[in-house]
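Okay, so here's the structure we're looking at.
Only the coordinates and a few stated rules stand behind these numbers; no lab work does. Note that the structure is predicted; figures quoted are calculated from it, not measured. Please note: Cβ atoms are built from the backbone with ideal geometry, for glycine as well, and neighbour counts cover all protein chains shown.
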Amino acid sequence: MKNIVIFKGSMRPHNYTSMAVNILIDEINKNHTCSYQIIDPNDFKLPFPGQNEDSVDVIRLIAIVKTATGIIFATPEYHGSFSSITKLFIENLGYPSALAGKPISLLGVASGDIGAIKSLESLRSVCSHVGGIVLPGPVSVPHVRDVFDENGKCLNPKMEQRIRSLFLNMIDYIDQYLCPSVNLEDFVRN
């Protein structure tokens with residue numbers, strides 16, 4: 001079974017990043033060949049680089065990522081970049097990074113006109129640098145305060161479909177490039 005790990009890049013209560021992630025979770029739940037695991041920063045106590053790299057939470061984080069079939073980073077855009085907690089997650093994934101060789105999809109939310117384009121470009125660069133396979137088609141949610149209501153319901157059907165497509169595109173990539181369509185043993189026996 002495919003296992004998708006979703007990094008939530010915000011620690012704020014009732015944050016828009018989590019609202020977007022909830023759409024992904026709904027789409028994943030429709031797919032019976034996938035499981036998922038949420039990496040919530042509130043559930044981890046991660047050290048700054050160079051400090052206690054053998055902490056229980058670092059070891060747990062690396063183990064979770066190593067077992068993932070694919071990774072989705074969801075981040076707000078703060079001051080033109082992705083959140084510091086997202087960077088802290090990446091810094092704690094070891095060297096070489098546990099992200100190396102993993103397909104990665106990116107989702108960003110922001111209140112401005114262009115959405116989270118700057119943060120997604122930066123995050124793409126960092127994930128590629130550590131060896132991740134960043135998939136095309138990141139999703140940037142602009143005017144996030146107008147896209148979600150106070151209960152987290154998406155008010156924009158086109159944006160909701162774009163968020164859902166992020167997961168679907170990842171599954172297509174995994175099925176096409178990571179999961180062999182022909183099992184060698186079956187091929188030899190038949």
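So here's what we get for this one:
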item	result
Selection from region 92-116 of residues that are in contact with a strand residue (DSSP E or B) (Cβ under 9 Å, 6 or more places away or on another chain), farther than 19 Å from MET19 by Cβ and either among the aromatic types (Phe, Trp, Tyr) or outside any loop (DSSP other than H, G, I, E, B) (or both)	PRO103, ILE104
Of all residues making up region 129-168, the number that are of a type in the set (A, V, I, L, M) and more than 29 Å from GLU91 (Cα to Cα)	3
Residues of region 54-91 satisfying the condition of being farther than 19 Å from VAL21 by Cα and touching a residue at least 60 places away in the same chain (Cβ under 8 Å)	THR67
Residue match in region 15-35 (condition: under 17 Å from ARG145 (Cα atoms) and in a loop (DSSP other than H, G, I, E, B))	yes
The lone exception for ILE39 - which of (1) surrounded by 14 or more Cβ atoms within 10 Å (Cβ to Cβ); (2) out of contact with any strand residue (DSSP E or B) (no Cβ under 9 Å at 6 or more places or on another chain) it fails	(2)
Test: LYS66 is within 21 Å of MET1 (Cβ to Cβ), of a type in the set (Lys, Arg) and surrounded by fewer than 20 Cβ atoms within 10 Å (Cβ to Cβ)	yes
Leading residue by the ranking (nearest to ILE6 (Cα to Cα)) among those in region 38-63 that are in a loop (DSSP other than H, G, I, E, B) and among the hydrophobic types (A, V, I, L, M, F, W, C)	PHE44
Region 125-177 - residue that is within 25 Å of THR33 (Cα to Cα) and touching a Cys at 6+ places or on another chain (Cβ under 8 Å) and, of those, surrounded by the most Cβ atoms within 10 Å (Cβ to Cβ)	ILE163
